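Beneath this line is the structure, given in structure tokens, with notes to follow.
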Amino acid sequence: MIPRAREALNDLAGRLGSRVIPELTDPFTQADTGLVSRLMSLLGAELEQGVANRLADGEGLKTIFSEAPAAAPDANAREAFIASQPAALTLSAVTDWLDQGLDLLIDLHVWAEQADDDLNRRIWSFLVEHTERHKFD
């Protein structure tokens, strides 16, 4: 059987909520246990979608970087990112790869705010999409 991390974490969170919390007498311990339960559920969601979300972010960055003017900063680094892929398809490797692109985006965004209104709008659109992709329900 292939382990399903999201299901396992949701089951554990449910047990905390339905069996452990009602047995606790201290309200602070109940609140802490409820928080742990909720965080376990959120972690399960992140494990389920984290790699896909980060890969989508990376593709969005590649599009922005490919459409940015050559005069924008870090052109060589942006080209290198466009040609790159994560070292592995693990959550940590994809996160490290995406972090490199997001670091480049910061400098590009600073430049675009002063020099390129259209690019600035596209970056803000990407950031809205990025935020929506990573929000927890």
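The values are calculated or read from the model by the stated rules, or taken from the named source; none is laboratory data. Source: prediction; values computed, not measured. Note: ideal-geometry Cβ built from the backbone for every residue, glycine included; neighbour counts use all protein chains shown. Accessible surface areas use protein heavy atoms only, side chains included; no ligands, DNA or RNA. Shrake-Rupley method; radii C 1.70, N 1.55, O 1.52, S 1.80 Å.
Across L39, L98, L61, mean-square fluctuation computed from a Gaussian network of the chain (C-alpha pairs under 10 Å connected) peaks at L39.
How big is the Kirkwood radius of region 51-130, worked out from every pair of different alpha carbons and given in Å to one decimal? Intermediate values should be presented prior to the final figure.
On the way: mean 1/r = 0.0794 Å⁻¹.
Evaluated over region 51-130, this radius sits at 12.6 Å.
Relative to the current alpha-carbon distance between A93 and R121, full extension at 0.36 nm per residue lengthens the span by 7.2 nm. In the set (i) 15.1, 47; (ii) 20.1, 64; (iii) 14.8, 43, the label that goes with Rg and Dmax of the Cα atoms in Å computed for this structure is (ii).
Which percent of the accessible heavy-atom area of region 19-70 goes to carbon and sulfur, probe 1.4 angstrom?
Details: 1790 of 2980 Å².
Within region 19-70, the accessible surface is 60 percent carbon and sulfur.
What net charge do the residues around W97 carry, taking every other residue with its C-beta under 15 Å from that of W97, with Lys and Arg at +1 and Asp and Glu at -1? Spell out each step's value before the answer.
Values: positive: R54, K62, R78; negative: D57, E59, D96, D99, D103.
Local charge sum for W97: -2.
Subtracting the Cα-Cα distance from 0.36 nm times the residue separation, let me have the gained length for R133 to A56 in nm, one decimal. Numbers along the way, then the final one.
Numbers: separation 77, 0.36 × 77 = 27.72 nm, distance 0.89 nm.
Full extension of this stretch gives 26.8 nm more.
Here the gap between A31 and A5, fully extended at 0.36 nm per residue and compared with their Cα-Cα distance, gives a gain of 7.0 nm. Built from the Cα atoms of region 19-63, the convex hull projects on average onto 3.9 nm², one quarter of its surface area.
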